[in-house]
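Right, one structure below, let's go through it.
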Amino acid sequence: MLCPAGQEASNPHCISFFNSMPSPTIDIIVTVWNHPFETRACLSSVLTHSPGARLIVVDNASSRETELMLEEFSEPLGERALFITSQRNLGLVPAINLGLSRSDSDYAVILRPQVRVHAGWLTGLLEAAQGGIASPRFRGTGAPQSPPVRRGSSVIETFGISFSALVLKGDMHRLLGGFDEQLDGGEWCLRDYVRRAWSKGYRTSLYSGTTLDYAVETVYGSRERLLERTRSSSDCYRQRWGTACHYAIYFGQAPGADSLAGMIETILEGARQGHRFTLFLHRRQYAEFRRKGWSHLHTAVELQPLPLFSPQRALHKRMAELLDLDQGIIAVRAMDRDSFPDSAPAITFDEMAAAVAGMARCGGEISDQADAGDGRNGF
């Protein structure tokens, strides 16, 4: 059975197909800079709970204490591990790219030393990563935040991921090359990678069946310098890919879900490009959307049911609340005959779709330039 991207782990037919294939080869990449006790705990958990995987450790010019720990740890591993030592601190993203450049397996897993894994952690993640990229959930103080789990599926497409733990399909990362080393080592670098993956037909998913333990990571560098790096990375990302928007869409009362399928596909493609969508639905529409599985299309698509009585008053109130939180939110009327409250001047769905398509065309041009080789990536 051919499955939609990102739904393999929640579809029993897909799981059966996945499990009937030979066991995939896996490389687990851990970049290290000091913190020997935390690093040893991470590596020990990986070896204990990742049978058959190869460990690739990139030592980013750590202290002698950490070097000795890695030497002791690596001695009995043989071919099960590859240790790469840099004579200088390359930085997080270049170190990750160095590890990826040595990975020739079916899947590459990026793991940070402050993360602990447990039994069975990889199975569902690998299934979710058949679409391209998969992320688990995290728990612990300072852990990367994930959207709330929604009923009906353990896999949902997403746009927000973290270097703390990430699974990449092998043929995808070899096609795309490394992460952009000119961007920050966080949000904007990852957003850029997700967009590049999307432009080649790959999908990014959150798998809620795996939750990893996360310890607080020490952040180095001055706050001012980090803020400046984030700002310049944000500007660079927007120049490449355009500005993501938050759209609030009202479909009116009449249309049923079947007649809205084309619009939903446009919305999903927009979410894959980083846009957010809040969909205001009347009760019948909301029930139909849930039956079709549209309540867990993407973490950036939220369904807002309107009450049976006084739905227009509720729409007015909820739109005002959204505007208080985000002055840049854009109201969209899906049907010309239906309007938003007066407090929210609305564009048409066709206008929104044209903006989303324009952003996609821009992204395609950027991706083609990257394929030609512009020096942004590590390999």
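With a sphere of radius 13 Å drawn around the Cβ of Gly201, what net charge do the other residues whose Cβ falls strictly inside it have (Lys, Arg +1; Asp, Glu -1)?
Its environment carries a net charge of +4.
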Shape box of the range 207-289 [Cα atoms, principal axes, largest first, Å]: 56, 35, 17
With +1 on the Cβ of every Lys and Arg and -1 on the Cβ of every Asp and Glu, and nothing else charged, how large is the dipole of the range 246-361 about its Cα centre, in debye rounded to the nearest 20? 360 debye
Output needed for the range 156-240: three equivalent-ellipsoid semi-axes, defined as square roots of 5 times the C-alpha gyration tensor eigenvalues, in descending order, whole Å. 23, 19, 11
Fraction of beta bridges assigned by DSSP in the chain that are antiparallel (%, nearest 5): 25 percent
Charge dipole of the chain about the Cα centre (unit charges at C-beta), most positive-ward option of Ala331, Ala320, Leu308: Leu308
Likely footprinting exposure, Glu67, Glu79, Glu265, fewest C-beta neighbours within 10 Å first: Glu79, Glu265, Glu67
Can you give me the distance in nm between label points at Arg223 and Glu265, each placed 7 Å from the Cα along the Cα-to-Cβ direction? 4.9 nm
Calculate the spin-label point distance for Glu187 paired with Thr48, positioning each point 7 Å from the Cα along the beta-carbon direction, and give it in nanometres. 3.5 nm
Report Rg/Rh for the range 246-361, rounded to two decimals, where Rg is the Cα radius of gyration and Rh the Kirkwood radius. 0.93
Among Leu111, His298, Pro94 the positive-end extreme of the charge dipole of the chain (Cβ point charges): His298
In Å and whole numbers, how far do the C-alpha atoms of the chain stretch along each principal axis, longest first? 71, 48, 41
What is the extension gain from Ser310 to Ser101, computed as 0.36 nm multiplied by their sequence separation minus the C-alpha to C-alpha distance, in nm to one decimal? 69.4 nm
Lys, Arg +1 and Asp, Glu -1 on Cβ, resulting dipole of the chain about Cα centre, debye, nearest 20: 940 debye
Taking Thr278, Thr123, Thr210 and counting other beta carbon atoms within 10 angstrom, the fewest-first order is Thr123, Thr278, Thr210
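Rounded, prolate or oblate for the range 127-183? Axes are the square roots of the Cα gyration tensor eigenvalues, ordered a ≥ b ≥ c, and the cut-off for rounded is a/c under 1.5. List each step's numbers first, then the result.
Numbers: a/c = 2.54, a/b = 1.34, b/c = 1.90.
Oblate is the answer for the range 127-183, as a/c is 1.5 or above yet b/c matches or exceeds a/b.
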What's the exposure ranking of Asp326, Asp258, Asp106, going from fewest to most Cβ atoms within 10 Å? Asp258, Asp326, Asp106
How far, in degrees from 0 to 90, does helix 261-272 lean away from the longest principal axis of the Cα atoms of the chain, to the nearest 10? 40 degrees
How far is helix 92-101 tilted off the main Cα axis of the chain, in degrees rounded to 10, range 0 to 90? 80 degrees
Within 15 Å, Cβ to Cβ, of Asp324, how many net charges do the neighbouring residues add up to if Lys/Arg are +1 and Asp/Glu are -1? 0
Which net charge results when you count Lys and Arg as +1 and Asp and Glu as -1 among the other residues whose beta-carbon is under 10 Å from that of Arg276? -2
The chain: angle of helix 349-372 to the longest principal axis, Cα-based, in degrees nearest 10: 20 degrees
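Values quoted throughout were computed directly from the atomic coordinates according to the rules given, and no laboratory measurement underlies them. Note that this is a predicted model, so its numbers are computed, not measured. FYI the Cβ positions are ideal-geometry reconstructions off the backbone, even for glycines, and counts take in every protein chain you see.
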